[in-house]
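Below: the structure, in structure tokens.
The values are calculated or read from the model by the stated rules, or taken from the named source; none is laboratory data. Since the structure is predicted, the reported quantities are computational estimates derived from the model, not experimental observations. Virtual Cβ from ideal backbone geometry, glycine too; neighbours counted across all protein chains shown. Keep in mind that these areas ignore ligands, DNA and RNA; they rest on the heavy atoms of the full protein, side chains included. Shrake-Rupley method; radii C 1.70, N 1.55, O 1.52, S 1.80 Å.
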Amino acid sequence: MTPEMLYALRDQSGVPSHPVIFLILGVITFALHIAAVQVMLGAATLTLRGAFHADMKWRRLASAMLLTAKIAVSVAIVIGVAPLLFVQVVYDPFWYTSNVLSAWWVIGFILILIAGYISLYAFYWKNHDIVAHGGRNGYWLVLSLALLLTVGFIVHSLSNQMFYPERWIEWYAPGGQIDPSGQTLHQWHLSRFLFFIALSAPVIGAWLLAYRRYLQGAKETDVAYLDFVLNLALRLMVIGGVVSVLIGAAWMMTLPEKMQWFAGSVWMWLAVAALLAVVAMPLALRARLDRGVWGYAVFGAGAVALIVVGAAREVLRFVTLLGSHGYDAMDYRINMDWYSTVLFFVTFGVIGGTTLAYLLTVAWQAGQQKTGTYTPSALVNRIGQWSVGLLVAWTVAYFAIGFWVWAR
Ligand code: HEM
């Protein structure tokens, strides 16, 4: 596949803002997506481990992690849409071809995701009183984890197939016979996939540190439970972090020839350093984890480390497609559309920021109050009213502009 053919597959109307904006947003939203995926997988696995345990501490943790997993799956799905939009804007010749070549799986992705989501809820419905009675059976949760991992594997495979334009024809017409069924996933890289999955262990470890700090803030009196959560969190972070880096090393050692430049590059070392720094952070903080916001800071630093990993992953893609296939994502024709660019950032920053600030504050403060009914302060109420007002204004502006364009 020549560079000219790849360029011919681009959207001829160009992109509505500079490509670098899409690349940066792609990295940030990918990091948020994968963080939510890792919290979801880690929390679901801890639920499976703890729900059937005789020890009440494990059962209490399983109950809390089940709630976490239920919310994290929604967050992972919602935030997954964002990198999907960005990757298809700047890499459309690669992304769409990869999708069409495995179209059956792309559609299957949605059905498998729905089944995985429902299975998680089925487990919840059947096991909503884990603390008192323990888990009844784990089939639904095992099924859910298997389905959600399959969904992740499909995305991983689609991302991987992008790297091989030289093999697309062979996949489309094996032996010269056209196969338009899209029933095959053609290319994957197991150690790369496992690297992102294994990171669930240190990520859920960092999450547990924040969970523990939150309980302390709510005047938790069960010291044994707090110690149990701390020990588990540290083990998950240290052992899980080292195992992830080793799997990452296996990924680097098995890179195909055209990507071997990445192994040992400054980007790879930056990602390794960021991950190891986060793993070492709770060991360095020790007693400070119980004070101020330090207990939360480890998860925050983990999110930053995931952005560094996401940036390195993007450099691997950008440089490989440029160096081996002559495709420069940065030279996409720009058809500047200020309205949609401004609308995007206002939606993301102002509306998203205000609404999330309100929801998180209410959930946070309500959870920290042990007795009585929680009543939000006048300021919190004001933020809530602003959130609703902004959402209404956004919806009106959305339809008004649509009608205006349509009527012109
Ligand atoms: C809920 C189960 C899911 C799991 C376990 C999962 C897992 C993963 C993993 C492991 C990757 C990294 C792949 C790689 O770089 O090799 C990834 C990337 C990605 N995922 Fe998910 N994912 C899930 C759901 C979703 C959903 C529902 C969406 C979209 C709505 C989505 C969109 C994406 C996108 C766009 C990327 C990056 C693609 C790219 O940059 O090439 N994921 N996901």
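Listed conditions (1) at pLDDT 95 or above; (2) outside any helix (DSSP H, G or I); (3) not assigned by TED's automatic domain parsing to the domain that holds residue 10 are all met by residue 373, apart from (1). Residues that are of a type in the set (Gly, Ala, Ser) and on the phi > 0 side of the Ramachandran plot within the range 244-300 comprise 264, 292, listed in sequence order. Checking each residue in the range 213-235 for being within 23 Å of residue 284 (Cβ to Cβ), among the small types (Gly, Ala, Ser) and open to solvent by 20 Å² or more (accessible area, probe 1.4 Å) picks out only 217. The helices (runs of 4 or more DSSP H) falling completely within the range 92-146 that include 3 or more residues that are within 22 Å of residue 60 (Cα to Cα) and away from the ligand (no atom under 13 Å from the Cβ) map to 103-126, 130-133. With respect to (1) within 13 Å of the ligand (Cβ to nearest atom); (2) within 18 Å of residue 156 (Cα to Cα); (3) surrounded by fewer than 17 Cβ atoms within 10 Å (Cβ to Cβ), the lone exception for residue 75 is condition (2). Every condition in (1) open to solvent by less than 60 Å² (accessible area, probe 1.4 Å); (2) not hydrophobic (A, V, I, L, M, F, W, C); (3) not in a helix (DSSP H, G or I) holds for residue 352 except the one numbered (3). Note on the range 181-212: residues that are open to solvent by less than 40 Å² (accessible area, probe 1.4 Å) and in a loop (DSSP other than H, G, I, E, B) amount to 5.
Would you be able to say whether some residue in the range 186-205 is at pLDDT 95 or above, more than 16 Å from the ligand (Cβ to nearest atom) and closer than 22 Å to residue 285 by Cα?
Taking the range 186-205 as the starting set, the residues that turn out to be at pLDDT 95 or above are 186-205.
Now restrict to residues that are more than 16 Å from the ligand (Cβ to nearest atom): 205.
In the following step, the residues that additionally are closer than 22 Å to residue 285 by Cα were identified as 205.
Yes, the conditions are met somewhere in the range 186-205.
Based on this model, can you work out whether residue 57 counts as open to solvent by 50 Å² or more (accessible area, probe 1.4 Å), touching a residue at least 40 places away in the same chain (Cβ under 8 Å) and more than 9 Å from the ligand (Cβ to nearest atom)? So residue 57 passes the test. Can you report the number of residues in the range 319-335 which are touching a residue at least 12 places away in the same chain (Cβ under 8 Å), out of contact with any Gly (no Cβ under 9 Å at 6 or more places or on another chain), surrounded by 12 or more Cβ atoms within 10 Å (Cβ to Cβ) and of a type outside the set (Gly, Ala, Ser)? Residues in the range 319-335 being touching a residue at least 12 places away in the same chain (Cβ under 8 Å), out of contact with any Gly (no Cβ under 9 Å at 6 or more places or on another chain), surrounded by 12 or more Cβ atoms within 10 Å (Cβ to Cβ) and of a type outside the set (Gly, Ala, Ser): 5 in total.
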